[in-house]
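Novice: This is the structure I have questions about; it appears just below.
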Amino acid sequence: MAPDGGDASETERDVDAREAFSLLGHEIRLEILLALLEDWVAIYTEPKSYAELMDAVGVRDSGKFNYHLEQLRGVYVRQVEDGYVPTASATALYRAVLAHRPTETFELESTPIDADCPVCGKTATLRYERGFVSIDCATCEEWVGFTYSLPQRAFDGRDVDAVLEVLDARVRHDLGVARRGQCPDCGGATTVDPRLEAVGDAHWVELACETCSLVVGIDLPSAMLTDDRVAAAFREVSLDPERYLWELPAGTTRLESREPTRLAVDLEGDGGTVTIVVDEALALESVAVRSP
């Protein structure tokens with residue numbers, strides 16, 4: 001994942017982000033949110049009354065307390081019949097902070113893993129820095145590698161093999177959701193950029209959210225593996241669709257047509273060739289298997 005590079009939408013996001021962060025720029029407001037989130041159980045959260053909330057925060061000046069509470073209302077706090085509850089924005093922010101723990105730093109130097117480079121067949125390596133897992137080949141320069149964001153909590157209590165399982169499952173889930181038009185992070189609409197000018201053996205497509213900063217660049221076969229028809233075709237030619245995404249061949253991509261836009265990718269297996277054809281929105285047009 002990487003920040004989106006849009007123009008107008010980027011300005012709007014910057015404004016929204018500044019306003020959202022500025023609301024939390026006071027200790028009393030943070031204490032109000034933490035008090036509301038202490039017993040949070042999604043929609044079943046019991047509201048805290050004004051008096052309970054004020055007591056939990058430890059502020060005796062009602063005017064000061066009411067001012068800061070009003071700043072949070074509508075964005076991070078909602079008033080209901082029996083008191084106050086945190087909004088979905090507040091709980092999402094809270095979970096993100098717990099997941100990424102900005103006060104802690106964790107990095108992993110390049111470590112050999114039980115996986116081969118799909119180009120040269122040498123042992124691949126894994127490293128973790130700045131919140132991203134990267135899988136690379138130290139031997140050849142032809143493979144572009146594989147990188148994806150992963151909260152460092154994923155390493156808690158897991159060895160490297162277990163982390164790889166978590167990573168693969170996470171990417172497959174996110175791709176399946178994003179390819180169907182929904183951002184796995186914020187729920188906003190996603191768009192597809194087939195990057196027609198870049199069609200070639202290592203062609204990538206880009207999935208981006210129109211609302212937040214999510215951007216995923218992925219090879220065409222990996223993006224389509226969540227479709228059962230594609231997975232079945234893989235098996236028919238002895239390509240295992242359950243192998244880690246970074247171990248699967250990227251195939252050879254070509255522009256099938258411009259009007260309407262159609263992309264095709266051929267993948268060779270011991271049992272033949274799979275040809276996948278998609279439209280500009282990554283909807284599957286066809287999948288065919290040819291014998292050797």
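Novice: Do you know which residues across segment 94-118 are at pLDDT 85 or above, under 22 Å from the mean Cα position of the chain (by Cα) and either among the aromatic types (Phe, Trp, Tyr) or surrounded by 17 or more Cβ atoms within 10 Å (Cβ to Cβ) (or both)?
Specialist: TYR94
Novice: If you go through segment 70-90, how many residues are polar (S, T, N, Q) and over 18 Å from ASP39 (Cα atoms)? First the steps, then the outcome.
Specialist: Start the filter on segment 70-90 by keeping residues that are polar (S, T, N, Q), which leaves 71, 79, 87, 89.
From the residues that got through so far, the ones that are over 18 Å from ASP39 (Cα atoms) too are 71.
The qualifying residues number 1.
Novice: Here's another thing I want to ask about it. For VAL171, are the conditions met, namely being assigned to a loop (DSSP other than H, G, I, E, B), in contact with a Phe, Trp or Tyr (Cβ under 7 Å, 6 or more places away or on another chain) and assigned by TED's automatic domain parsing to the domain that holds ALA283?
Specialist: Numbers: assigned to a loop (DSSP other than H, G, I, E, B): no; in contact with a Phe, Trp or Tyr (Cβ under 7 Å, 6 or more places away or on another chain): yes; assigned by TED's automatic domain parsing to the domain that holds ALA283: yes.
So VAL171 fails the test.
Novice: For segment 234-271, name all the residues that are at pLDDT 90 or above and at positive phi.
Specialist: If the condition is that a residue be at pLDDT 90 or above and at positive phi, then SER238 is the only one that fits.
Novice: Just for segment 220-274: of the residues that are basic (Lys, Arg) and in contact (Cβ under 8 Å) with a residue 12 or more places away in the chain, which one is surrounded by the fewest Cβ atoms within 10 Å (Cβ to Cβ)? Break it down into steps so the answer makes sense when it comes.
Specialist: From segment 220-274, those basic (Lys, Arg) are 229, 235, 243, 254, 258, 262; that's our starting set.
Those left that are additionally in contact (Cβ under 8 Å) with a residue 12 or more places away in the chain: 229, 254, 258, 262.
On the way: ARG229: 12, ARG254: 15, ARG258: 9, ARG262: 17.
Going through the qualifying residues, I end up with ARG258.
Novice: Suppose the filter is surrounded by 15 or more Cβ atoms within 10 Å (Cβ to Cβ) and in the same structural domain as THR252 (by TED's automatic domain parsing); does TRP143 pass it?
Specialist: The answer is yes for TRP143.
Novice: Can you tell me which residue among VAL289, VAL278 is more than 24 Å from LEU164 (Cβ to Cβ), under 24 Å from the mean Cα position of the chain (by Cα) and assigned to a strand (DSSP E or B)? If you could, list the steps in order and put the result at the bottom.
Specialist: Numbers: VAL289 fails: under 24 Å from the mean Cα position of the chain (by Cα).
Among VAL289, VAL278, only VAL278 is more than 24 Å from LEU164 (Cβ to Cβ), under 24 Å from the mean Cα position of the chain (by Cα) and assigned to a strand (DSSP E or B).
Novice: Looking at segment 99-128, which of its residues are among the basic types (Lys, Arg) and under 18 Å from TYR244 (Cα atoms)? Spell out how you get there, then give the answer.
Specialist: Narrowing segment 99-128 to residues among the basic types (Lys, Arg): 101, 122, 127.
Residues satisfying the conditions are LYS122, ARG127.
Novice: Output the residues belonging to segment 246-261 that are more than 12 Å from LEU220 (Cβ to Cβ) and within 27 Å of the chain's Cα centre (by Cα).
Specialist: Once the filter is applied, which keeps residues that are more than 12 Å from LEU220 (Cβ to Cβ) and within 27 Å of the chain's Cα centre (by Cα), segment 246-261 yields TRP246, GLU247, THR261.
Novice: If a residue has to be within 30 Å of ARG95 (Cβ to Cβ) and either hydroxyl-bearing (Ser, Thr, Tyr) or not in a strand (DSSP E or B) (or both) to count, how many in segment 108-161 make the cut?
Specialist: 21
The values are calculated or read from the model by the stated rules, or taken from the named source; none is laboratory data. This one's a predicted model, so the numbers in the text were calculated from it and none came from an experiment. Virtual Cβ from ideal backbone geometry, glycine too; neighbours counted across all protein chains shown.
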